[in-house]
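Written out below as structure tokens is the structure these notes cover.
The values are calculated or read from the model by the stated rules, or taken from the named source; none is laboratory data. Source: prediction; values computed, not measured. Here the Cβ is made from the backbone with ideal geometry for all residues, glycine too, and neighbour counts use every protein chain on show. In case anyone asks, the SASA skips ligands and DNA or RNA and just uses the protein heavy atoms, side chains included. Shrake-Rupley method; radii C 1.70, N 1.55, O 1.52, S 1.80 Å.
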Amino acid sequence: MSPHPATRPLIGIVGSGGAYGRWLRAFFETRMGWEVIGHDPVDPESQTPEQLLEQADVLLFSAPIRCTPALIRDYVRQSAGRERGRLWLDVTSVKAEPVAAMLESQASVAGLHPMTAPPKAPTLKGRVMVVCEARLDAHWQVWLDELCIALQAECVRGTAEHHDRVMALVQAMVHATHLAQAGVLREYAPLLGQLQELMPYRSAAFELDAAIISRILTLNPAIYEDIQFGNPHAGEVLDHLLDQLGRLRALLAEGDDTARAAFRQQFLSDNREALGEQTLRDGNYSFERVGYLLADLTDQRAMSVHLPEDRPGSLRELLHVFERHGISLASIHSSRTPTGEVHFRMGFVQAYAADVLAAAAEEIDRSGIGRVLGR
């Protein structure tokens with residue numbers, strides 16, 4: 001191990017061939033300039049577990065939830081005390097068991113949970129990461145704090161047990177609700193049509209739910225399976241959810257004024273009081289902002305432009321092009337393409353003639369300011 005491992009550590013990733021393993025390798029190598037080695041059964045060219053244990057200052061487990069505790073214990077047995085003075089981390093969605101397994105080692109230990117799939121962006125900026133600090137030497141505490149800053153995540157600290165209980169609400173319940181909605185939509189499809197045929201009738205809430213359903217069903221199914229089956233608190237939370245739905249269904253079955261009064265009290269008044277006025281105001285404002293964003297993004301009067309150079313003044317130059325062609329903008333949104341390119345979506349106040357927009361797009365491409373997408 002290097003004399004000052006926390007200054008410029010060698011990172012070892014267990015599960016380096018997985019989605020998060022690949023993202024983390026890119027972050028550590030490109031963003032931090034650190035050397036990374038990794039092991040993954042899907043990559044015959046990767047290093048062996050023994051090489052990771054012998055060389056890595058920081059050992060990071062990025063494996064499927066169901067495999068992680070047993071995998072960590074295999075590394076504890078093979079390491080046989082060599083991990084003393086080093087740092088072990090994991091990035092699974094369940095924390096109590098992996099952290100307990102790492103604590104069987106003699107390493108410093110922390111559990112990490114980025115609350116997002118591996119982003120297309122180079123950091124976790126704008127995303128939450130839960131940090132469960134279980135046992136940290138002073139120098140590793142400083143290093144972990146600096147890592148959180150470098151990741152640019154909104155870091156929330158808590159115990160592993162509290163994390164898992166919260167995740168039963170934040171992840172297991174939310175995913176289960178949307179998967180159940182997907183099942184209902186599937187059952188009604190022969191009568192009312194597929195999801196895309198329902199979208200013309202959408203409300204903002206339905207559009208958001210449809211987006212979340214699509215997100216869940218697009219990503220790795222093993223992750224969502226393990227979030228349900230791997231969290232010991234998920235079943236209890238789903239029992240509460242079923243109880244609430246059962247109460248609502250019973251009131252609908254009764255259908256009289258007494259049932260309506262009970263609905264208003266239990267599902268509206270009591271919940272409103274429990275959540276609190278300020279929380280509801282903030283949440284409602286967030287919903288309105290998302291609604292406006294959805295409206296902007298579905299408006300066809302728009303153009304998306306990728307700016308290849310991230311430098312001061314590039315956006316101003318782009319705006320001057322629209323000004324020269326007499327095009328007034330209604331909105332500007334920064335986003336990423338499916339391949340991860342940053343682009344700006346310019347919404348227009350009116351439907352301009354095709355030749356006006358074509359002239360502006362041609363100038364943007366020709367000048368090198370940017371590249372118009374989707375032409």
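A few points about this structure:
- Around the amide H of V128, modelled in the peptide plane, lie the amide H atoms of M115, E154, all under 5 Å away and 5 or more residues distant in sequence or on another chain.
- Radius of gyration (Cα atoms) of segment 1-112, expressed as a multiple of 2.2 N^0.38 Å: 0.96.
- For F229 and A295, the difference between the fully extended length at 0.36 nm per residue and the C-alpha to C-alpha distance is 20.1 nm.
- Net charge of Cβ neighbours under 14 Å - reference S203; Lys, Arg +1; Asp, Glu -1: -2
- Averaged over its residues, the chain has an accessible area of 56 Å² per residue, based on protein heavy atoms and a 1.4 Å probe.
- Heavy atoms of E146: accessible area, 1.4 Å probe, square angstrom to 10: 100
- Our summary gives the chain a relative contact order of 10 percent, counting only alpha carbon pairs under 8 angstrom and 6 or more residues apart.
- Loop-located GluC sites (Glu not before Pro) in segment 77-136 whose Cβ has at most 16 other Cβ within 10 Å (DSSP): E104
- Segment 230-348, Cα convex hull volume normalised per residue, Å³: 231
- Taking all protein chains together, V184, V166 sort by accessible area into V184, V166, largest first [probe 1.4 Å].
- Shown are T7, T279, T123, whose ranking by accessible area with a 1.4 Å probe and every protein chain present, most to least, is T7, T279, T123.
- Taking only the C-alpha atoms of segment 272-325, Rg followed by Dmax gives 18.4, 54 Å.
- Pairwise label distance in nanometres, E309 with T279, each label 7 Å out on the Cα-Cβ vector: 5.0
- Solvent-accessible surface ranking, highest first, for Y292, Y285, Y352 at 1.4 angstrom: Y292, Y285, Y352
- Nearest-20 debye value, the chain charge dipole, Cβ charges on Lys, Arg, Asp, Glu: 460
- Hull volume per residue, based on the alpha-carbon atoms of segment 144-259 and their convex hull, is 185 Å³.
- Percent carbon-and-sulfur accessible area, the chain, ignoring ligands, DNA and RNA, probe 1.4 Å: 56
- Principal axis box of the chain, alpha-carbon based, largest edge first, Å: 69, 69, 42
- When the surface is traced with a 1.4 Å probe over the full set of protein chains, L10 keeps roughly 20 Å² accessible.
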